[in-house]
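What follows is a single structure, written as structure tokens, with notes after it.
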Amino acid sequence: MADIGVEVCGIRLKHPVMLASGILGISAETMKRAEEGGASAVITKSFSIEERAGHENPTIALFKHGILNSMGLPNPGARAMAKEIEKAKKMCRVPIIASVFGKDADEFVKACEIARDSGADAVEINLSCPHVPGTGMELGVDPNAVKEIVTEVKSCIDLPVFVKLTPNTHALQKIALMAVEGGADAIVAINTVRGMLINPMMKKPELSTIFGGYSGPGILPIGIYCVYTIYSAVGQSVPVIGVGGICRGMDAIQYFMAGASAVQVGSAVYYRGYSAFSEIANEIETFLENEGVNSIRDIIGIAVR
């Protein structure tokens, strides 16, 4: 039997398929549901210091190639999310990773401190959301801002710090390297790809915000490329976690071969149901066994080397 257990920043996972932020991670009950579906770790929905309502509807458009959303990072605020994390820590046996966002280093630090005090096992800094002005991607495309935010967070908390990057930039390698210089313990790639749809009958954009973030199977090649690019730059100095378009085990295998040490799954829950995590993990294990590979660690970065 192939060994598909992994360790990321000192966090031991029974397999490398985690719940991505933004899907199911808004309450302790939904986090528990992800665990029951087989997720080896749960990343919460991104939250800020203060409550945020998000954008006006319509904020989601479904089409044959994936999902376009412009939710606007709605969340109940850090204090309310801290209570959900505390509950989830009692209900779940898998690591809980808090995803946070803010408009500057100070807001990121405060949100991370609240996450730490709630018992989170790690924090994921969202520097990649493409549809909220003043935060997310707008900060994440500035290498100096990325380094400053990561440095400030690392100086204030002693948890592993994951940094989630955007594909919507021409300077991905430089940004990843600056995150590592700032002290990032892991790089997460990618968040959604900026895009838009137009309703031909209404003669206007599908989303209230005009553009949004594209996710689903169609972004798989983009995510693999970004992980390959980042891994080529940072090597094995920090683990890279792949996200984007993963709906089956063979999708995840490509991420591992591009340099990912683990993966996060989101849209697959829509396509395959809550059991997507365990099914993808089983498909990974079957592939390794069929190929005569003893451990998933043996294929990480193999396409880069």
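Taken together, the values in this text are just the output of simple stated rules run on the coordinates, not laboratory data. Remember, it's a predicted structure, so these values are computed and weren't measured experimentally. Please note: Cβ atoms are built from the backbone with ideal geometry, for glycine as well, and neighbour counts cover all protein chains shown.
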Practice problem: Answer yes if at least one residue in the range 192-204 is buried (at least 22 other Cβ atoms within 10 Å of the Cβ), in contact (Cβ under 8 Å) with a residue 24 or more places away in the chain and more than 14 Å from the chain's Cα centre (by Cα), and no otherwise. | Solution: no
Quiz prompt | Residue among Pro133, Pro95 that is surrounded by fewer than 23 Cβ atoms within 10 Å (Cβ to Cβ) and within 21 Å of Thr192 (Cα to Cα) | solution = Pro133
Quiz item: Do any residues in the range 90-107 that are within 10 Å of Ser46 (Cα to Cα) and in contact (Cβ under 8 Å) with a residue 60 or more places away in the chain have Cβ atoms under 6 Å from those of residues that are among the polar types (S, T, N, Q) and assigned to a loop (DSSP other than H, G, I, E, B), where the two are at least six apart or on different chains, and which pairs are they?
Solution: Ser99/Ser21; Ser99/Thr44; Ser99/Ser46
Practice problem: Could you list, in sequence order, all residues of the range 207-242 that are of a type in the set (S, T, N, Q), touching a helix residue (DSSP H, G or I) at 6+ places or on another chain (Cβ under 9 Å) and not in a helix (DSSP H, G or I)? | Solution: Ser237
Practice problem: May I ask you to list the residues in the range 37-53 that are under 19 Å from Ala20 (Cα atoms) and of a type outside the set (Phe, Trp, Tyr)? | Solution: Gly37, Gly38, Ala39, Ser40, Ala41, Val42, Ile43, Thr44, Lys45, Ser46, Ser48
Quiz prompt | Residue match in the range 38-49 (condition: surrounded by fewer than 18 Cβ atoms within 10 Å (Cβ to Cβ) and either over 18 Å from the mean Cα position of the chain (by Cα) or within 22 Å of Ala184 (Cα to Cα) (or both)) | solution = no
Quiz item: Quick one: in the range 253-288, which of the residues that are assigned to a helix (DSSP H, G or I) and of a type in the set (S, T, N, Q) is surrounded by the fewest Cβ atoms within 10 Å (Cβ to Cβ)?
Solution: Thr286
Quiz item: When you go through (1) more than 20 Å from Val188 (Cβ to Cβ); (2) of a type in the set (A, V, I, L, M); (3) buried (at least 21 other Cβ atoms within 10 Å of the Cβ) one by one for Met250, which number turns out not to apply?
Solution: (3)
Quiz prompt | Pick from the range 165-190, criterion more than 19 Å from Val100 (Cα to Cα) and not aliphatic (A, V, I, L, M), ranking: surrounded by the fewest Cβ atoms within 10 Å (Cβ to Cβ) | solution = His170
Quiz prompt | Boolean, Ile302 is out of contact with any helix residue (DSSP H, G or I) (no Cβ under 7 Å at 6 or more places or on another chain), surrounded by fewer than 23 Cβ atoms within 10 Å (Cβ to Cβ) and either in a helix (DSSP H, G or I) or not polar (S, T, N, Q) (or both) | solution = no
